[in-house]
Amino acid sequence: MYCRYFVLICVWLFLPAQRKCTLGHKSDTHSSDTVSLPGFENLTEGYNKYLRPYFGGKPVQIALSLDVASISSISESDMDYTATIYLRQRWTDPRLVFHGNKSFTLDARLVELLWVPDTYIVESKRSFLHDVTVGNRLIRLFSNGTVLYALRITTTVACNMDLSKYPMDTQRCKLQLESWGYDGNDIVFTWFRGNDSVHGLEKLRLSQYTVERYYTLVTRSQQETGNYPRLILHFELRRNILYFILETYVPSTLLVVLSWVSFWITLDSVPARTCIGVTTVLSMTTLMIGSRTSLSKTNCFIKAIDVYLGICFSFIFGALLEYAIAHYSSSQKHAAKEPQKGPTKETEDVNITNILNSSITSYKQKISLASTEISSDNVDYCDLTMKTHDKIRFVLRNKMHSIISYFTIQNPSNVDHYSKLLFPLFFMLVNVFYWAYYLYF
């Protein structure tokens, strides 16, 4: 019954409206007005849509081509992309051969009466077939039995992304097509024209990405249920960095430069230098938090933008720390100079007394040492041992004092002088290494 309805619908679709024909019977009009498609009336005789072409024999050759209409979104947090594609499949079914050189486009609803491949999209999270105003499908028959089956599909496909160089990264994604139930003994997938089977990617205009290149592959997927044919479309997406330069890199660099302004302000201007340091630190913290908001689910990655923001934050915090060190050294130096400016009389008496006592003590030590040398038989070796320990302790104390004095800032004003040169120099060197590594390695 389905076969009869199929033939009747096909005949009514492709014959002129003013003409009528019957399947296997004469029409009510004159025989000269009867129009028929030679051989087409027996097109579905003995046809079984549940059996593939060449059933029990050689595999079916299915050639695929596709157009990428759009890539609507690329999500770094979910690691996927959403694309709308026009998928076209071609195969030859000898049961559908008819006479003539024409091709016929059938109503898409008649595809339910034909055998079609069970192609699916590998790693697809969500997919749907467009159905406005009717299901966006096309079925076309050629006289040699070739069938063209086209679909309009929107799919969300997983794409494993490496965000270590974000936002200077290039992501490599795939679109994989595979047979669900038929293995390599039943179906052979091929690209219709190789790399030319894919169109539309070179014309795409994406907000954050540019399509660098794409290529096609033919491979097989080994699974527990069999060896299945698979077609793969590889394409590379390079992120446009201009937005991030204007949004993040330039503001963070300007904040670092702003923190250097404090080097030209005197150490006595505590409110001014403290205000600049604290303000730049807080602004940099806000910028770092804002840059991570859009990628809140990818915090496990140490991205290139995180490294740069960390470098800028370190320089800004270093400028604030530099003022703290310089100001502390300056206050200590002033505190050391104040007692020498106006010593009291009592202090002078104490100093003189200490000098006299130290002189007397040293004189007594010399006398005792001389007496020890004269009467060498009465030497107390325990006293000599104690004096050796005291000597070692004295040497260590002197070494510690020399090390502390080495790191002691003699002139705190030189700290700002050196910082004016060292901070910009080191920042430029770090930028050279940063951009060279992430752009060329």
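The values are calculated or read from the model by the stated rules, or taken from the named source; none is laboratory data. The shown structure was predicted, so the numbers you read here are calculated from the model rather than taken from an experiment. Reconstructed Cβ throughout: ideal geometry from the backbone, glycine too, with neighbour counts over all protein chains shown.
Overview of results
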{"quantity": "Boolean, Arg220 is surrounded by 14 or more Cβ atoms within 10 Å (Cβ to Cβ) and basic (Lys, Arg)", "calculated": "yes"}
{"quantity": "Test: Thr156 is at pLDDT below 95, among the polar types (S, T, N, Q), on the phi < 0 side of the Ramachandran plot and assigned by TED's automatic domain parsing to the domain that holds Tyr228", "calculated": "no"}
{"quantity": "Matching residues, the stretch 280-294, being of a type in the set (A, V, I, L, M, F, W, C) and over 22 Å from the mean Cα position of the chain (by Cα)", "calculated": "Val281, Leu282, Met284"}
{"quantity": "The stretch 289-330, subset aliphatic (A, V, I, L, M) and more than 30 Å from Asn414 (Cα to Cα), residue surrounded by the most Cβ atoms within 10 Å (Cβ to Cβ)", "calculated": "Ile305"}
{"quantity": "Residues that are farther than 30 Å from Val60 by Cβ and not in a loop (DSSP other than H, G, I, E, B), drawn from the stretch 155-182", "calculated": "Thr170, Gln171, Arg172"}
{"quantity": "Residue in the stretch 158-176 that is touching a helix residue (DSSP H, G or I) at 6+ places or on another chain (Cβ under 7 Å) and more than 30 Å from Ile245 (Cβ to Cβ) present", "calculated": "no"}
{"quantity": "In the stretch 89-121, the residues that are touching a residue at least 60 places away in the same chain (Cβ under 8 Å), surrounded by fewer than 18 Cβ atoms within 10 Å (Cβ to Cβ) and within 42 Å of the chain's Cα centre (by Cα)", "calculated": "Asp118, Tyr120"}
{"quantity": "Filter pass, Trp115 being within 27 Å of Gly194 (Cα to Cα), in a strand (DSSP E or B) and in the same structural domain as Ser197 (by TED's automatic domain parsing)", "calculated": "no"}
{"quantity": "Residues of the stretch 191-231 classified as free of Cβ contacts under 8 Å to residues at least 60 places away in the same chain, closer than 21 Å to Ala150 by Cβ and either touching a helix residue (DSSP H, G or I) at 6+ places or on another chain (Cβ under 7 Å) or assigned to a strand (DSSP E or B) (or both), total", "calculated": "4"}
{"quantity": "Given (1) at pLDDT 50 or above; (2) surrounded by 14 or more Cβ atoms within 10 Å (Cβ to Cβ); (3) farther than 30 Å from Tyr209 by Cα; (4) among the aromatic types (Phe, Trp, Tyr), index of the condition Tyr86 fails", "calculated": "(3)"}
{"quantity": "Ser77 being at pLDDT below 95, under 23 Å from Ala158 (Cβ atoms) and touching a strand residue (DSSP E or B) at 6+ places or on another chain (Cβ under 9 Å)", "calculated": "no"}
{"quantity": "Options Phe98, Phe104; residue that is in a loop (DSSP other than H, G, I, E, B), at pLDDT below 90 and aromatic (Phe, Trp, Tyr)", "calculated": "Phe98"}
{"quantity": "Filter pass, Glu202 being under 24 Å from the mean Cα position of the chain (by Cα), modelled with pLDDT under 95 and surrounded by fewer than 16 Cβ atoms within 10 Å (Cβ to Cβ)", "calculated": "yes"}
{"quantity": "Residue list for the stretch 412-421, filter: surrounded by 12 or more Cβ atoms within 10 Å (Cβ to Cβ), modelled with pLDDT of 85 or more and aliphatic (A, V, I, L, M)", "calculated": "none"}
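Listed here are the residues, each with its yes/no results for (1) touching a strand residue (DSSP E or B) at 6+ places or on another chain (Cβ under 7 Å); (2) outside the structural domain of Ile74 (by TED's automatic domain parsing); (3) among the aliphatic types (A, V, I, L, M).
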site	(1), (2), (3)
Pro94	no, no, no
Gly100	no, no, no
Ala108	yes, no, yes
Val111	yes, no, yes
Arg152	yes, no, no
